[in-house]
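Chemist: This is the structure, below, for whatever I ask next.
The values are calculated or read from the model by the stated rules, or taken from the named source; none is laboratory data. Keep in mind it's a predicted model, so treat the numbers as computed, not measured. Because the Cβ atoms are built from the backbone with ideal geometry, glycine has one as well, and the counts that use them run over all protein chains shown. The protein model used for the area step is the full one, side chains on, heavy atoms only, and it has no ligands, DNA or RNA in it. Shrake-Rupley method; radii C 1.70, N 1.55, O 1.52, S 1.80 Å.
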Amino acid sequence: MFSKIACALFLATSAAASPFSPHTAKKRIAAKSNYMNKLMGGAKVVRRLADDDAEDVEVDISSYYLKFQKCQFVKSYNAEAEQDGDDEYDTSVLQTDRFIIFRLCPSASSCNNNYGEYIVDMETYLESTVAYAQEMQEEMCNACDENCANDDAAAADDAAAADDAAAGDDAGRRRLYDVDCDSCVDECEKIANMEDNGYMEATDYLECNQVYAADDDGGNILYAGSMCASSGEKIKIGVFTDANCQNLDNSLDVEDYLEDGAKLSHALLKTIYNGDSMSCLQVDENDGDDDAADDDKEPETNEVCQAVYEAAGKCEVPNNFNDGIASYANYDNYDNQVAQEETICDYISSISSGSYDQTGEIVISGSSSSSSGGNSASGGQKFALVVLSIGTVGLAMFAASLHAQLTKGGGKADLSSKGGAMA
């Protein structure tokens, strides 16, 4: 994970700094990539007390909220593919890394201060968050089925559930997920009848899957996989030309290659990036059964937040995040995190500021843009052009003045008075 960030980091910093050709920048990137891979290779923070006999302890982020920020593809130099002649990347020495930037916010509504900002590979993020979203969807529909089976019974079910909860009966646990009977019945029916209605679940294509096999028509084998869309604000399913979903083809629509003309349903996938925050507090179904025990129970972080937090590169101290690794100086690799935090923060900033286009190509500020091919002059080049223009105008004026003096009679008199020969 961190080797991907390290290699891609130099692509971003070189792209932002270079006023010259992108080819020059990429050559410099390649020369430094191995160094950064070594630097970042051991960056994973191990949360273990310095005492060898101490038990594993996790950083407590249970009071925070997980919030999606951006999705980004990054093309980086793949030294192994070049050395081994690996044809997985279609003979290219560039590989496409997929990243998600997310935050841990102090509240569900505010994330402008006292937050942590993180970068993690897309696979890890989607694996955890989609599984959570599926679980919540299933729980919602179960609660809807139990409490909203029909309009006549809904009121009675609500009253019975409230009585059970007050009595401490296990049936009261079903109210853990509150449902709106006016909307959940229709929503859950659509989910249950998705295939019958000609739809397929978009989250089934998050991993690279073949959707088209080349037959006698001479076409290419095509694959479907997750991609970043709308400048990183959304995650959709795109079409790729290789089995690793490295090469995105924006000209193709995945729905043109689904069986029986099916369409994709993005309802579940949208919950991952739609702007809503997810609480990191682990909620126990048995909470409330024993109020005295609940008062003494330590808050726990749910599996989703814990998984993405542990796998991510962390930018915490600059954002005044008070409960991160910097608060645990007695953990192994504490120095490692502190030493690398500025590097990670810079890389997150470069991605957030648009150093890459949607396909992962570098967008070089002040020079050629890989996505458009246009050219623009840097500040230094503009200054040089101004100085050159002024100098050219000055020389032209001097030449005109000298010419006027030489063609006047006064110019001849001056020459003869100085001993010059007259023609």
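Chemist: Suppose we keep only residues that are open to solvent by 50 Å² or more (accessible area, probe 1.4 Å) and modelled with pLDDT under 55 within region 127-158. Which one would you say is farthest from residue 267 (Cα to Cα)?
Modeler: If we take residues in region 127-158 being open to solvent by 50 Å² or more (accessible area, probe 1.4 Å) and modelled with pLDDT under 55, then 156 is farthest from residue 267 (Cα to Cα).
Chemist: When residue 236 is evaluated against the numbered criteria (1) at pLDDT 75 or above; (2) open to solvent by 50 Å² or more (accessible area, probe 1.4 Å); (3) closer than 30 Å to residue 309 by Cβ; (4) in a helix (DSSP H, G or I), which criterion, by number, is the only one it fails?
Modeler: Single failed check for residue 236: (4).
Chemist: Just to verify a result, which residue in region 46-102, among those that are at pLDDT 80 or above and of a type in the set (D, E, K, R), is nearest to the chain's Cα centre (by Cα)?
Modeler: For region 46-102, the residue satisfying everything is 70.
Chemist: Out of (1) touching a strand residue (DSSP E or B) at 6+ places or on another chain (Cβ under 9 Å); (2) among the polar types (S, T, N, Q); (3) at pLDDT below 90, the odd one out for residue 365 is which?
Modeler: All conditions pass for residue 365, except number (1).
Chemist: State whether one or more residues within region 242-262 are under 30 Å from residue 112 (Cβ atoms), modelled with pLDDT under 95 and out of contact with any strand residue (DSSP E or B) (no Cβ under 6 Å at 6 or more places or on another chain). Break it down stepwise before answering.
Modeler: Taking region 242-262 first, the residues under 30 Å from residue 112 (Cβ atoms) are none.
For region 242-262, residues under 30 Å from residue 112 (Cβ atoms), modelled with pLDDT under 95 and out of contact with any strand residue (DSSP E or B) (no Cβ under 6 Å at 6 or more places or on another chain): absent.
Chemist: Further question on the same structure: Open to solvent by less than 60 Å² (accessible area, probe 1.4 Å), in a helix (DSSP H, G or I) and either modelled with pLDDT of 80 or more or polar (S, T, N, Q) (or both) - does that describe any residue in region 322-337?
Modeler: yes
Chemist: Step by step: first the residues of region 110-126, then only those that are open to solvent by 30 Å² or more (accessible area, probe 1.4 Å) and in contact (Cβ under 8 Å) with a residue 24 or more places away in the chain, then the one that is nearest to residue 326 (Cα to Cα). Which residue is that?
Modeler: Step one: filter region 110-126 for residues open to solvent by 30 Å² or more (accessible area, probe 1.4 Å), giving 110, 112-114, 123-124.
Next, from what is left, pick out any that are in contact (Cβ under 8 Å) with a residue 24 or more places away in the chain: 113-114, 123-124.
Details: 113: 17, 114: 13, 123: 27, 124: 24 Å.
Step by step, filter region 110-126, then rank; the result is 114.
Chemist: What pairs come up if the first residue lies in region 247-271 and is touching a residue at least 60 places away in the same chain (Cβ under 8 Å) and assigned to a loop (DSSP other than H, G, I, E, B), the second is open to solvent by less than 50 Å² (accessible area, probe 1.4 Å) and not basic (Lys, Arg), and their beta carbons are under 6 Å apart, counting only those six or more places apart or on different chains?
Modeler: Here the result reads 247/240; 262/198; 266/202, each pair linking region 247-271 to a residue that is open to solvent by less than 50 Å² (accessible area, probe 1.4 Å) and not basic (Lys, Arg).
Chemist: Among (1) more than 30 Å from residue 77 (Cα to Cα); (2) at pLDDT 85 or above, which single condition is residue 386 missing?
Modeler: Status for residue 386: all satisfied but (2).
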